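The values are calculated or read from the model by the stated rules, or taken from the named source; none is laboratory data. Computed from a predicted model, the values in this text were never measured in an experiment. Every residue, glycine among them, receives a Cβ derived from its backbone with ideal geometry; neighbour counts consider all protein chains shown.
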């Protein structure tokens, strides 16, 4: 166990020394990786903030229960009691037909229409504020209310919920596709970087093989080097995203004051940030592994 840990420690030190040996070239590679990763990372941060903003700003969904014209006061009272005992509701209010007609008359463009009516065609209604916000739960609740006695119709405005869910789903897929494409770019950058490392150290590798070095011993420093490049690129991407958020939040300040709504984009949580860094390191490791296996095998060095 000690020998294994010592071998990995030497490989890590060797990889770090190689990283410091060519600071300019490695800095350019890290910058390219950081910019490539900053794009999906930034889009993911914006999408996460939009999801949180949508949850805070979207109105509570309402279900309108229209009663049958022949419903008596006692039957209306029964429905009211059923709504009070129904769990999962944020609240409700009763809208008598006379009040509904007055509201119709107060709306622009409808006053003349309402004045020309011979009677009041509007029914009594309950407006229920649902506790759930997803479209499926709203539809289930609407169907339940519609089946109650003396309920003529029940309507729910769930189109906005479907549209919001659809837009956010499209955004998530777009971020995933962009992340996959740029992950391949990161692996390709690491692949070429390790290939150059192998070509410049081919003589050393051949001598090491002659004196009995194992494949793992030869590959290990390159793998750690790829992991370090990926990790450094992930840190660069995180810092670039943080800088972009700082600039963007400064521009959101006047807009927030104008609308009286706190608008500020937050960076990733620490757990998500750690996952992003480990993912970047894993991509660098994978690119290095591909390069080592491909180029060493091609030159009959493994």
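Can you give me the ranges of the helices (runs of 4 or more DSSP H) entirely in the stretch 62-134 with at least 1 residues that are at pLDDT below 70 and surrounded by 15 or more Cβ atoms within 10 Å (Cβ to Cβ)?
Output list reads 97-106, 111-115.
If we scan the stretch 258-266, do we find a residue that is modelled with pLDDT under 85 and in a helix (DSSP H, G or I)?
Looking through the stretch 258-266, at least one residue is modelled with pLDDT under 85 and in a helix (DSSP H, G or I).
Which ones in the stretch 28-40 are touching a helix residue (DSSP H, G or I) at 6+ places or on another chain (Cβ under 8 Å) and either more than 8 Å from residue 240 (Cβ to Cβ) or outside the structural domain of residue 179 (by TED's automatic domain parsing) (or both)?
Matches in the stretch 28-40: 29, 30, 31, 32, 33, 36, 37, 39, 40.
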